[in-house]
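Here is the structure we will look at, set down as structure tokens.
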Amino acid sequence: MRPVLRILRHAAYAEWRYLCHTPLFVALAVTQAVTLIVLVSLFGITGAMAPTALVNHDGGPYAAQFIRNLRAAHHSFALRSDLDHLRAEAALAHGQLVAIITIPSGFSYAMTHHGGAQIIRVDVDNIDTDMTEDIQRALPSAITAFGRDIHAADIRVQVREHDLLPRDTGYIPYLVVSALVLAALVIAGILAGTMVAREFEAGTAVLLRLSPAPVLLPLLGRLLATMGVSALALGVAAGVVVIGYHLTPLYPLQLAAVLVACLVIFSLLGAALGAVVRRTLPVTSLIFGLALPLYLVSGAYEPQRFDGPLVWAVAHLSPMYYAVGIAEHAVHGFMVTPESLPLNYLALCAWAALALLVAWRATRGMVPS
């Protein structure tokens with residue numbers, strides 16, 4: 001047992017010394033982890049608030065109430081009231097707006113004297129259905145809320161909502177938690193993969209092969225060092241989520257456990273990829289290329305079970321699916337996956353064992369290229 005621990009310690013120390021002599025590389029790893037969190041949250045910001053001009057030709061009290069209901073529509077409009085009709089049409093034509101909502105003159109008078117028979121004109125740039133559907137869903141909601149607030153007699157249907165969960169979760173708070181799993185994949189995978197590929201590029205792979213110790217053993221020691229740097233980068237990213245986005249995990253130890261599991265799994269898989277590809281630049285490109293599709297089918301943007309049985313079945317083949325489920329529960333307290341927490345942990349343990357087997361098989365045949 002002592003020789004094994006000695007090999008691990010010396011290998012980890014050697015890799016740690018290498019990383020200490022490349023501080024820019026370590027700084028880039030930390031920066032990349034934080035950048036991924038910010039990048040993913042930008043998707044939520046741009047996708048949830050469609051830039052919409054509001055042209056008010058009325059100016060009466062009912063128009064003011066309707067505008068308040070529009071502004072209260074959850075994550076649908078980014079209303080701009082600083083444009084007149086001509087400037088709004090020009091902005092719409094040049095792609096600076098998604099829609100124009102026009103309140104006609106006489107709106108308040110009609111609501112008072114003619115039973116509310118008025119038409120609200122909406123001009124929509126329907127180049128992106130995702131953005132336009134947000135507007136199409138939010139407008140009826142705002143109109144219904146408007147009728148309720150002014151006690152209009154012809155608004156006969158009201159919605160009584162019963163929530164499954166005790167509180168709502170914003171889209172961006174949901175996204176940035178799943179982005180921590182993405183950061184673990186990218187950072188741990190790249191650091192481990194480039195570490196192994198570097199052995200081939202430097203010509204030292206033959207020394208590992210000729211060593212009496214199993215090839216994977218000194219590589220595991222080096223992986224301990226790369227995982228340490230990955231943990232540092234991921235810790236900074238988690239700090240940005242907690243402090244910058246004001247998210248306090250309900251179960252911090254659970255969040256730490258799932259992120260550590262991700263570091264182990266993705267480091268081992270990255271090491272296996274490095275042993276197969278044997279070049280640092282292709283390894284980095286492959287991991288970046290695989291990260292986004294794996295992230296998209298992991299339930300990172302929404303619970304994957306809402307996207308159909310085929311996509312949901314494919315999602316189960318990725319460790320990110322189970323990791324996102326645990327991470328969302330750790331921070332927000334709800335279950336993204338119908339599978340229980342113990343089953344998600346069991347799946348990650350199975351993935352860790354599989355990743356170790358794949359890394360062992362990939363590195364046992366290490367020979368100089």
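Derivation of every value follows stated rules applied to the coordinates shown; laboratory data play no part. Small disclaimer: the values here were computed from a predicted structure and weren't measured. Methodologically, a virtual Cβ is constructed for each residue, glycine included, from the backbone with ideal geometry; neighbour enumeration extends over all protein chains shown.
Quick notes on this one:
- In Hz, Karplus ³J(HN,Hα) per residue of the range 275-290 (6.51, -1.76, 1.60; θ = phi - 60°; x = Gly, Pro): 6, 7, 7, 6, 9, 5, 5, x, 4, 4, 5, 5, 5, 4, x, 7
- Put in line by how crowded their Cβ is, counting other Cβ atoms within 10 Å and starting with the fewest, L36, L253 read L253, L36.
- Net lengthening on full extension, Q96/D84 (0.36 nm per residue, minus Cα-Cα): 2.9 nm
- Between the alpha-carbon centres of the range 236-275 and the range 281-360 there is a gap of 13 Å.
- Paramagnetic label zone (point 7 Å from Cα along Cα-to-C-beta, R121; backbone N under 19 Å) in the range 78-93: 80-93
- Taking amide H as placed 1.01 Å from N in the peptide plane, the amide H of R279 sits under 5 Å from none that are at least 5 places away or on another chain.
- Virtual paramagnetic centre 7 Å along Cα→Cβ of L354, amide N under 20 Å, in the range 260-279: 260-277
- Label-point gap, in nm, between V236 and H57 - each point 7 angstrom along Cα→Cβ: 5.5 nm
- Remark on R80: its backbone amide H falls under 5 Å from those of T52, A53, L54, a criterion applied only to residues 5 or more positions apart or on other chains, H modelled at 1.01 Å from N.
- Order of D82, D58 - criterion: other Cβ atoms within 10 Å of each residue's Cβ, fewest first: D82, D58
- Scaled to the globular estimate 2.2 N^0.38 Å, the Cα spread of the range 254-364, given as radius of gyration, is 1.10.
- By the count of neighbouring beta-carbon atoms within 10 Å, fewest first, H85, H113 end up ordered H113, H85.
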